[in-house]
Amino acid sequence: MPANSAASDSAYPTPGTPPSHWWQNEDWLAVLAALPVLIAVGSGWSPKLPAWGWSGMADVSKAFTPDNFAVSAVLLAVFLGISGLALAASLGKKIGSFLIGAVVVFILGWFSQWIAAHAGIKAWGLEYVVFALGLGLIWSHLLPVPEWLREAIRTEFFIKVGIVLLGATILLPEMMKAGFPGLIQAALVIPVVWYVCYFIARKLKVDDEFGVMLSTAVSICGVSAAIAACGAIQGDRKKLSYVTSIVLLCAVPMMVAMPWAIKSMGLSEAVGGAWIGGTLDTSGSVAAATEQVGKNATKVGVIVKLSQNVLIGVAAFILSIWWTMRGGKDGAHQGKKPSVGLIWERFPKFVIGFVIASVVFSYFVPPAVAEAAAKPLKGLREVWFAAAFVCIGLETRIGDLFKLGGGRPALAFLGGQAFNILWTLLLAIWLFSGK
């Protein structure tokens, strides 16, 4: 079967080469696509979300009911309508192929969320993104990827729409009120752990593009941070797939070991929650692990994780400036001062949408409305994120993943995570003892 990556890459501008018009720039298009969703939800629209929960063969068909299909059809219409309108000008006559392919991508994403909703899988904290990636990989290895489906492989666009929607759920006043120690911890963890992981990656001769994504994932919040870093440096999506996989695989043993370690060391629930929230790299795994410790641990852990999420936009902004000034992936222009125009040209515009969404929902939307918007925005965001990871699977070959770095990126991640565990424990004891 022919590899699919080359064909799918043709749908995107060459990394580092700016599109000639703003309507070909996926950053701006992602912000444009997220805007009507944010306006609608901010105005009180709360779409009903599918019911996926199940625990065994007895209720395996629970999601496959007429009502659930009707609810899913509404989400499909929103997904197709908004994505299609945003991309219409750049797609031109290919819009029909995109829409047909996007239906397949949506359905695979839907199944990934249904699989992840199994009670046993939820208990392990495995999230839908790993199954979305897996279903995409299964399709790409067992079935053909025709041209009409390749037109729907818009990984970066889907990812960026999801990140802009994520911004609206980061309510800054709530973070400042409930999570000030968490913000301090995040501010002290992120730069130190990022540097240590990046240092280890360079010592292991892992390329800088890989090192940036690994370091950002381990120091901030795993999958979402790696996605933002990839967008900020216009990174290789195969490397993003690798980083996502190792983040999710590493979370499983940590979810088992950390609650046991907290109880064995006699740590308080608050310290344990802060430790877990600062080291586990997905929100689902944080919730699953802290529930084994206690209610206060869950509360603190979630606040700490959200405090790290706040800094995604800041990190992406800094990364984009640094990456541009060092000359991009190959460092070809390192030492040369880039112009302001070049920095703006390479700056990830979706970060602007992320920050504005956070500020607007924090200060210009009534608090009750902003809080009520969290659930529908999460459901809608996961539609685009699931689509993105299905697309990564569709354009990735498993053999390519195993060849990436010869195992050195995994060692760099594990080294960074080991340091993260120790450093975050010290900070959690300092900031949350007696809470």
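If you go through the stretch 397-430 and keep only what is part of a helix (DSSP H, G or I), of a type in the set (Lys, Arg) and at pLDDT below 90, you end up with just 403. Of the candidates 327, 335, 331, the single residue that is in a loop (DSSP other than H, G, I, E, B), touching a His at 6+ places or on another chain (Cβ under 6 Å) and either at pLDDT 70 or above or on the phi > 0 side of the Ramachandran plot (or both) is 327.
Could you tell me whether any residue of the stretch 195-211 is assigned to a helix (DSSP H, G or I), of a type outside the set (A, V, I, L, M, F, W, C), closer than 19 Å to residue 391 by Cβ and in contact (Cβ under 8 Å) with a residue 12 or more places away in the chain? Taking every residue of the stretch 195-211 in turn, none turns out to be assigned to a helix (DSSP H, G or I), of a type outside the set (A, V, I, L, M, F, W, C), closer than 19 Å to residue 391 by Cβ and in contact (Cβ under 8 Å) with a residue 12 or more places away in the chain. On the basis of being within 22 Å of the chain's Cα centre (by Cα) and farther than 20 Å from residue 392 by Cα, does residue 232 make the cut? Taking the combined requirement at face value, the residue does not satisfy it. From the list 215, 224, the lone residue that is assigned to a helix (DSSP H, G or I), crowded, with 24+ Cβ neighbours inside 10 Å, modelled with pLDDT of 80 or more and on the phi < 0 side of the Ramachandran plot is 215.
Is it true that residue 136 is within 30 Å of residue 250 (Cβ to Cβ), over 22 Å from the mean Cα position of the chain (by Cα) and assigned to a helix (DSSP H, G or I)?
Spelling it out, it is not the case that residue 136 is within 30 Å of residue 250 (Cβ to Cβ), over 22 Å from the mean Cα position of the chain (by Cα) and assigned to a helix (DSSP H, G or I).
Checked against the criteria, residue 115 counts as modelled with pLDDT under 95, part of a helix (DSSP H, G or I) and closer than 27 Å to residue 285 by Cα.
Scan the stretch 256-302 residue by residue and report those that are part of a loop (DSSP other than H, G, I, E, B), surrounded by fewer than 21 Cβ atoms within 10 Å (Cβ to Cβ) and modelled with pLDDT of 90 or more. Of everything in the stretch 256-302, those that are part of a loop (DSSP other than H, G, I, E, B), surrounded by fewer than 21 Cβ atoms within 10 Å (Cβ to Cβ) and modelled with pLDDT of 90 or more turn out to be 266, 268. In this structure, does residue 63 turn out to be surrounded by 19 or more Cβ atoms within 10 Å (Cβ to Cβ), over 19 Å from residue 162 (Cα atoms) and in contact with a helix residue (DSSP H, G or I) (Cβ under 7 Å, 6 or more places away or on another chain)? So residue 63 passes the test. Condition test on residue 100, is it of a type outside the set (Asp, Glu) and buried (at least 23 other Cβ atoms within 10 Å of the Cβ)? The answer is no for residue 100.
Residues of the stretch 232-254 include none that is of a type in the set (S, T, N, Q) and at pLDDT 90 or above. Which of the residues spanning the stretch 59-74 are more than 16 Å from residue 107 (Cα to Cα) and in a helix (DSSP H, G or I)? Correct list: 59, 67. Within the stretch 245-255, being crowded, with 24+ Cβ neighbours inside 10 Å and either free of Cβ contacts under 8 Å to residues at least 12 places away in the same chain or within 16 Å of residue 159 (Cβ to Cβ) (or both) holds for one residue alone: 247. Do any residues in the stretch 379-396 that are on the phi > 0 side of the Ramachandran plot have Cβ atoms under 9 Å from those of residues that are buried (at least 24 other Cβ atoms within 10 Å of the Cβ) and of a type in the set (Val, Ile, Thr), where the two are at least six apart or on different chains, and which pairs are they? Every condition considered, no pair remains.
From the list 95, 100, 39, 82, the lone residue that is free of Cβ contacts under 8 Å to residues at least 12 places away in the same chain and within 26 Å of the chain's Cα centre (by Cα) is 39. Could you go through the stretch 363-373 and let me know if any residue there is out of contact with any helix residue (DSSP H, G or I) (no Cβ under 7 Å at 6 or more places or on another chain), surrounded by fewer than 16 Cβ atoms within 10 Å (Cβ to Cβ) and at pLDDT below 85. Scanning the stretch 363-373, I find no residue that is out of contact with any helix residue (DSSP H, G or I) (no Cβ under 7 Å at 6 or more places or on another chain), surrounded by fewer than 16 Cβ atoms within 10 Å (Cβ to Cβ) and at pLDDT below 85, so the answer is no. Condition (residue is on the phi > 0 side of the Ramachandran plot, surrounded by fewer than 18 Cβ atoms within 10 Å (Cβ to Cβ) and over 18 Å from the mean Cα position of the chain (by Cα)) applied to the stretch 419-427: is it met by at least one residue? Within the stretch 419-427 (the criterion being on the phi > 0 side of the Ramachandran plot, surrounded by fewer than 18 Cβ atoms within 10 Å (Cβ to Cβ) and over 18 Å from the mean Cα position of the chain (by Cα)), the answer is no, since none of the residues qualifies. Residues considered: 91, 126. Of these, the only one that is of a type outside the set (D, E, K, R), outside any helix (DSSP H, G or I) and at negative phi is 126.
Output the number of the condition that residue 182 fails; it satisfies all remaining conditions of (1) surrounded by fewer than 19 Cβ atoms within 10 Å (Cβ to Cβ); (2) assigned to a helix (DSSP H, G or I). Of the numbered conditions (1) surrounded by fewer than 19 Cβ atoms within 10 Å (Cβ to Cβ); (2) assigned to a helix (DSSP H, G or I), the odd one out for residue 182 is (1).
The values are calculated or read from the model by the stated rules, or taken from the named source; none is laboratory data. The structure displayed is predicted, hence computed values, not measured ones. Here the Cβ is made from the backbone with ideal geometry for all residues, glycine too, and neighbour counts use every protein chain on show.
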